[in-house]
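What follows is a single structure, written as structure tokens, with notes after it.
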Amino acid sequence: MAKARATRARKSRRWPWVMLFLLLVLLALGWFFKVPAQGYAGVSTAYSARVACSCRFVAGRDLDDCAKDKLAGMELVTLVEDVEAKSVTARFPLIASDTAAYREGFGCVLEEWDD
């Protein structure tokens, strides 16, 4: 009986170390994949904003209908329109955001990027 309690006590002391190890692994993976994730998010938002703006303000379709035109793998990108500014903003949560606006004679163009 005492031996079983000692074994349980040892196992209960391992949990903080196991959790710390898992946290460190997740942080390392996040650091390792940071640049590819930012690149993917930047391209996804720029593409989605430009295509959705053209769909909405050139083709005259509803934004919900335009959201169907996103490519597979872009499910995390959200679209928000500003009817007065004739623009669409695409956002990838916590990483990237891009806006495309309709310009007479040019169609939809992306706003300049800040480095």
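Here are some notes:
- According to the Cα-based calculation, Rg over Rh for the chain is 1.36, with Rh computed by the Kirkwood formula.
- Tilt relative to the chain, helix 34-53 - C-alpha long axis, 0 to 90 degrees, to 10: 30
- Listed residues 92, 21, 32, most fluctuating in the chain (Gaussian network, C-alpha, under 10 Å): 21
- Virtual paramagnetic centre 7 Å along Cα→Cβ of residue 64, amide N under 20 Å, in the range 77-115: 77-84, 87-91
Bear in mind these aren't lab numbers, they're just calculated from the coordinates by the rules spelled out. All values derive from a computational prediction rather than experimental measurement. Glycine gets a Cβ as well: all are built from the backbone with ideal geometry, and neighbour counts include every protein chain shown.
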